[in-house]
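The values are calculated or read from the model by the stated rules, or taken from the named source; none is laboratory data. Note that the structure is predicted; figures quoted are calculated from it, not measured. Glycine also receives a Cβ, built like all others from the backbone with ideal geometry; neighbour counts cover every protein chain displayed. Note: accessible area is taken over every heavy atom of the protein model, side chains too, but ligands, DNA and RNA are not part of it. Shrake-Rupley method; radii C 1.70, N 1.55, O 1.52, S 1.80 Å.
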Amino acid sequence: MQTPTSTDVLVVGAGPAGSAAAAWAARAGLDVVLADAATFPRDKTCGDGLTPRAIGEMQRLGLEDWLRSHTVNHGLRAHGFGQTLLLPWPGGSLPDWGSAVARTELDDHLRTVALESGARGVEGARAVGVRHAGERVAAVEFSGADGTFEIACQWLVVADGVRSPLGKLLGREWHRDTVYAVAGRSYVDSDLSDDPWISSHLELRDEQGDLVSGYGWIFPLGDGTVNLGAGTLATSRRPAEVAIKPLMQTYANTIGKDFGLSGELRMPTSALLPMGGAVSNVAGPNWALIGDAAACVNPLNGEGIDYGLETGRFVAEHIASGTGLGEAWRSTLVEHYGEAFSIARRLAGIATQPKVVSALGPAGMRSDWLMTLALRWMGNLVDDADRDRAARVWRWAGRRSMARDARPPFA
């Protein structure tokens, strides 16, 4: 297919955020081009987990039957400090089930959904430059196998991931004074690949047996394997000093017998994750950052797929309605995520201190009620429609936290 030279909406990055934005914009009747530096299918460093919040967005896209053909889980099995708790997904205004799909398959399928919705796809094209018309973006320059070319656009959606090279060209800045994560994932054979629960180990220790500020996870994929990973939390004042890949191997050795693990860890990768809206310059008059590019990653569990899908839908609604971007887009991010990200950043910052984790962890794990509440808050399973006491307390804490922020989310 001939490479497009112009479009109404240009989406750069075809992960969950970009593909969702392209699908919703195309369904709204706009001409859309979805460009990516990779050729699909391609891999992505991720835990592969889909929380109920992500399930809800995929249901909106019409993908529930496709998801249910994969593994379905009922909630979280939390391990740590001599305790194991089964914590069902709370349901409420969100679905009461989750899933896990390898990103190689998930992202390829979501991109296909966008193309079937009417978007035009461009692969193997890396965004390398921007042409402005005043303060607006007039076109993006790409580098591909056949040289450089340009695609003009009325609207630009930047969904090029945590590093966001295009976002940097537009002025995006990541602030490391709030919490961020260093996380790794691998795949390994397991007898519990069909386990209906995802597992998280809140007591993560290194080779020397010292407690690490982070967590490990096992997400069953239903194909004879599990996604095994580990993440540590850090700030500029307390940087991560743990090598992630050796930590994953130590974690696998520790839990291997309980989870029927066999063979070597395959495809180990790691990534640095800006979290909690810790970026500024997220939008201009006709362009906006979404998903990971806007640091829309949960500081308490590293989840980002749900926010990617949501922000993709939100930005398409902005463009289709003529609401515009710029400050309106930043305000939308703050409205939906500011309070939750602010309080979550504070709690995650506390969790960067191993002494605090060792003191509070055992007490928390002795209470099913407290851990169920923590699952709902940590998993951002409080939806705008929720009006119960737990939701009100979470929002109240978020408002108080934002009032004290030296640098609020997305500022």
Would you mind telling me which numbered condition in (1) at pLDDT below 95; (2) buried (at least 24 other Cβ atoms within 10 Å of the Cβ) residue 12 fails?
(1)
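Taking the condition on the phi < 0 side of the Ramachandran plot and at pLDDT 95 or above, does residue 61 pass?
Values: on the phi < 0 side of the Ramachandran plot: yes; at pLDDT 95 or above: yes.
Answer is yes for this residue.
So which of 263, 302, 276 is under 30 Å from residue 220 (Cβ atoms), part of a loop (DSSP other than H, G, I, E, B) and open to solvent by 10 Å² or more (accessible area, probe 1.4 Å)? Give the derivation first.
On the way: 263 fails: part of a loop (DSSP other than H, G, I, E, B); 276 fails: open to solvent by 10 Å² or more (accessible area, probe 1.4 Å).
Being under 30 Å from residue 220 (Cβ atoms), part of a loop (DSSP other than H, G, I, E, B) and open to solvent by 10 Å² or more (accessible area, probe 1.4 Å) holds for just one of 263, 302, 276, which is 302.
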Region 18-49, residues that are open to solvent by less than 10 Å² (accessible area, probe 1.4 Å), in a helix (DSSP H, G or I) and either among the aliphatic types (A, V, I, L, M) or closer than 22 Å to residue 185 by Cα (or both)
20, 21, 22, 23, 25
Condition check for residue 396: at pLDDT 70 or above, within 23 Å of residue 76 (Cα to Cα), in a helix (DSSP H, G or I) and open to solvent by 20 Å² or more (accessible area, probe 1.4 Å):
no
Of the residues in region 305-335 that are open to solvent by 10 Å² or more (accessible area, probe 1.4 Å) and among the hydroxyl-bearing types (Ser, Thr, Tyr), the one that is modelled with the lowest pLDDT is 323
Looking at region 54-142, what strands (runs of 3 or more DSSP E) fall wholly within it and have at least 1 residues that are open to solvent by 20 Å² or more (accessible area, probe 1.4 Å)?
71-73, 75-80, 83-88, 120-122, 126-133
Only one of (1) in contact with a strand residue (DSSP E or B) (Cβ under 7 Å, 6 or more places away or on another chain); (2) open to solvent by 50 Å² or more (accessible area, probe 1.4 Å); (3) within 25 Å of residue 245 (Cα to Cα) does not apply to residue 176, and that is (1)
So which residues in region 399-411 are open to solvent by 50 Å² or more (accessible area, probe 1.4 Å) and outside any helix (DSSP H, G or I)?
406, 407
Among the residues that make up region 226-235, is at least one of them open to solvent by 20 Å² or more (accessible area, probe 1.4 Å), farther than 19 Å from residue 75 by Cα and of a type outside the set (A, V, I, L, M)?
no
Restricting attention to region 201-213, report how many residues are in contact (Cβ under 8 Å) with a residue 60 or more places away in the chain, in a strand (DSSP E or B) and open to solvent by less than 20 Å² (accessible area, probe 1.4 Å).
1
Checking residue 241 against (1) assigned to a strand (DSSP E or B); (2) open to solvent by 50 Å² or more (accessible area, probe 1.4 Å); (3) under 30 Å from residue 178 (Cβ atoms), which single condition isn't satisfied?
(1)
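Can you find, within region 281-299, the residue that is nearest to residue 235 (Cα to Cα) among those that are in a loop (DSSP other than H, G, I, E, B) and open to solvent by 10 Å² or more (accessible area, probe 1.4 Å)?
Of region 281-299, the ones in a loop (DSSP other than H, G, I, E, B) are 281-282, 285-286, 290, 295-299.
Checking which are open to solvent by 10 Å² or more (accessible area, probe 1.4 Å) leaves us with 281, 285.
Details: 281: 21, 285: 32 Å.
Among residues in region 281-299 that are in a loop (DSSP other than H, G, I, E, B) and open to solvent by 10 Å² or more (accessible area, probe 1.4 Å), the one nearest to residue 235 (Cα to Cα) is 281.
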List pairs: first in region 117-132 and free of Cβ contacts under 8 Å to residues at least 60 places away in the same chain, second assigned to a strand (DSSP E or B) and of a type in the set (Gly, Ala, Ser), Cβ under 7 Å, 6+ apart or cross-chain?
128/143; 131/138; 131/139; 132/138
